[in-house]
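Chemist: This is the structure I have questions about; it appears just below.
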């Protein structure tokens, strides 16, 4: 996804630069000025898609904070000491006025409004007789579905807990600067997500080839499978997962190739990944790689987050698990010389060698693409969905799970009589560590999350050592700045923050 620098991307990046801290409902309308007239050809639409995906790599979203959110709040990460940054993800120390991570909201809605602008202009061009836009329309609809899915998980209660509760506002067209949208329900959000995915899939079905760095047909199906799993629509999730598996456009990494896959762009498992490029979206010392590596291993590395003891115990079920290959000594080891491999190097392309990190083939090691969804996850979705389908098939579920458990060669394979939800969740933790899914998995499955607060006696006063989904702060607050800009949200704050 090499981005073309021209007038369209200038408009997009300028808008992001000057509005990223503003209320999304207080922005200049996204169809104003030359943003409207700049979209005239399919090539222009592609450039706008590039700009939207580049915005998604912000530190406020997939570039860092969203992935940190899932593992820090899910107990697979812990902190060695306080005060280094993003601590309140771990401590749940959020209020409407501080630690509210409003960047999720503003970045998400910025992207949505740009998508809406693109869709409206495509519709006008098609009505005037222009052609060649349908694939880009499919990509835009799928991206809008993904962003709304992320937002409703951040701000709305789990679908299977209370789908009638507040989700997030549904902005489905360009907005006037005085627009006042109220929050839709979680169920309404999910209905729109599914509608966008269904419409997008039909448009993307005209070309099922691999779309490296872009949304394609199979990325749409993979996102649909993930969404339906959260809705406990297991039959639908299984159908999507099996289409991807059976079409064989993607192949699982072998145990021998898994570690090196992290220094490869667009590998055989990568269904959708966002490009990170030097001098464009590379966060450098603020990147995921720096947040997860060993303290002071290289200049600027703070060792902000370490794997928790609970995660390491899980991975220790097999000392030969290939996934140890991207783990290395952490700050605890530096200070005590007690071996503890709690530093993760997925986002540096692997472990340091000959004085440098491999990265994924670019000029800087921190410019490593973000793998949004991989074939490994699809097999794990298939396992869970088959186990809970309307006609359960535990043997098939065990087979799908075992395809991933092969990465731990000494583990006893799962069978129809031994496979459980906890076994699948444990494997999801091991395989998707650092990819931002653990918290959402445990909350949707109504599990208790226990935090490694006793690790170096990190004090936490804003939550108990263990929480479950009755804890009000499993969702973020609506930032007070958003409420001030949009009075329709005044009485719709999440309960824990009133």
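Chemist: Could you tell me which residue of segment 373-403 is nearest to residue 214 (Cα to Cα), considering only residues that are in contact (Cβ under 8 Å) with a residue 40 or more places away in the chain and surrounded by fewer than 22 Cβ atoms within 10 Å (Cβ to Cβ)?
Modeler: Among those residues, the one meeting the criterion is 403.
Chemist: Give just the number: which of (1) within 19 Å of the chain's Cα centre (by Cα); (2) surrounded by fewer than 21 Cβ atoms within 10 Å (Cβ to Cβ); (3) at pLDDT 95 or above does residue 272 not satisfy?
Modeler: For residue 272, the failing item is (2).
Chemist: So if I check each of 57, 9, 41, 78, which one is closer than 27 Å to residue 278 by Cβ and either at pLDDT 95 or above or surrounded by 22 or more Cβ atoms within 10 Å (Cβ to Cβ) (or both)?
Modeler: Unique residue meeting the criteria: 57.
Chemist: Within segment 423-468, work out how many residues are in contact with a helix residue (DSSP H, G or I) (Cβ under 6 Å, 6 or more places away or on another chain) and at positive phi.
Modeler: Residues flagged as in contact with a helix residue (DSSP H, G or I) (Cβ under 6 Å, 6 or more places away or on another chain) and at positive phi within segment 423-468 amount to 2.
Chemist: May I ask you to verify whether residue 277 is assigned to a loop (DSSP other than H, G, I, E, B), modelled with pLDDT of 95 or more and touching a helix residue (DSSP H, G or I) at 6+ places or on another chain (Cβ under 6 Å)?
Modeler: no
Chemist: Quick check on my filter: what residues within segment 87-105 are more than 17 Å from residue 467 (Cβ to Cβ), surrounded by 21 or more Cβ atoms within 10 Å (Cβ to Cβ) and touching a helix residue (DSSP H, G or I) at 6+ places or on another chain (Cβ under 6 Å)?
Modeler: Residue satisfying the conditions is 104 alone.
Chemist: Can you confirm whether segment 390-408 contains a residue that is within 21 Å of residue 265 (Cα to Cα) and either modelled with pLDDT under 95 or outside the structural domain of residue 149 (by TED's automatic domain parsing) (or both)?
Modeler: The answer is yes, given that some residue of segment 390-408 is within 21 Å of residue 265 (Cα to Cα) and either modelled with pLDDT under 95 or outside the structural domain of residue 149 (by TED's automatic domain parsing) (or both).
Chemist: Now a separate question. Being surrounded by fewer than 18 Cβ atoms within 10 Å (Cβ to Cβ) and either at pLDDT 95 or above or closer than 27 Å to residue 408 by Cα (or both): is that true of residue 202 here?
Modeler: Yes.
Chemist: Can we say residue 131 is farther than 25 Å from residue 64 by Cβ and out of contact with any helix residue (DSSP H, G or I) (no Cβ under 7 Å at 6 or more places or on another chain)?
Modeler: So residue 131 fits the description; yes.
Chemist: With the checklist (1) touching a helix residue (DSSP H, G or I) at 6+ places or on another chain (Cβ under 8 Å); (2) farther than 29 Å from residue 210 by Cα; (3) in contact (Cβ under 8 Å) with a residue 40 or more places away in the chain in hand, flag the one item residue 419 doesn't pass.
Modeler: In the conditions (1) touching a helix residue (DSSP H, G or I) at 6+ places or on another chain (Cβ under 8 Å); (2) farther than 29 Å from residue 210 by Cα; (3) in contact (Cβ under 8 Å) with a residue 40 or more places away in the chain, residue 419 misses (3) alone.
Chemist: Could you tell me whether segment 228-235 includes any residue that is at negative phi, in contact (Cβ under 8 Å) with a residue 40 or more places away in the chain and over 22 Å from the mean Cα position of the chain (by Cα)?
Modeler: Looking for residues that are at negative phi, in contact (Cβ under 8 Å) with a residue 40 or more places away in the chain and over 22 Å from the mean Cα position of the chain (by Cα), one finds at least one in segment 228-235, hence yes.
Chemist: Looking at 210, 252, 194, 181 in this structure, which one is within 29 Å of residue 489 (Cβ to Cβ), touching a helix residue (DSSP H, G or I) at 6+ places or on another chain (Cβ under 9 Å) and not in a helix (DSSP H, G or I)?
Modeler: 181
Chemist: Can you confirm whether segment 327-339 contains a residue that is touching a residue at least 40 places away in the same chain (Cβ under 8 Å), under 23 Å from the mean Cα position of the chain (by Cα), outside the structural domain of residue 67 (by TED's automatic domain parsing) and crowded, with 17+ Cβ neighbours inside 10 Å?
Modeler: No, segment 327-339 contains no residue that is touching a residue at least 40 places away in the same chain (Cβ under 8 Å), under 23 Å from the mean Cα position of the chain (by Cα), outside the structural domain of residue 67 (by TED's automatic domain parsing) and crowded, with 17+ Cβ neighbours inside 10 Å.
Chemist: Please specify each residue of segment 339-380 satisfying the condition of being under 30 Å from residue 420 (Cα atoms) and in a helix (DSSP H, G or I).
Modeler: Result: 346, 375, 376, 377, 378, 379, 380.
Yes or no, residue by residue, for (1) more than 22 Å from the chain's Cα centre (by Cα); (2) under 14 Å from residue 95 (Cα atoms); (3) without any contact (Cβ under 8 Å) to a residue 40 or more places away in the chain; (4) outside the structural domain of residue 182 (by TED's automatic domain parsing):
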residue: 448; (1), (2), (3), (4): no, no, yes, yes
residue: 455; (1), (2), (3), (4): yes, no, no, yes
residue: 459; (1), (2), (3), (4): yes, no, no, yes
residue: 479; (1), (2), (3), (4): no, yes, no, no
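Chemist: Okay, moving on. Residues that are more than 24 Å from residue 156 (Cβ to Cβ), at least 2 per element: which helices (runs of 4 or more DSSP H) completely within segment 381-498 meet that?
Modeler: Output list reads 394-405, 421-431.
Chemist: Looking at 148, 136, can you tell me which residue is part of a helix (DSSP H, G or I), closer than 20 Å to residue 47 by Cα, in contact with a helix residue (DSSP H, G or I) (Cβ under 7 Å, 6 or more places away or on another chain) and assigned by TED's automatic domain parsing to the domain that holds residue 485?
Modeler: Unique residue meeting the criteria: 136.
The values are calculated or read from the model by the stated rules, or taken from the named source; none is laboratory data. Small disclaimer: the values here were computed from a predicted structure and weren't measured. So basically every Cβ, Gly included, is an ideal-geometry build from the backbone, and we count neighbours across all protein chains shown.
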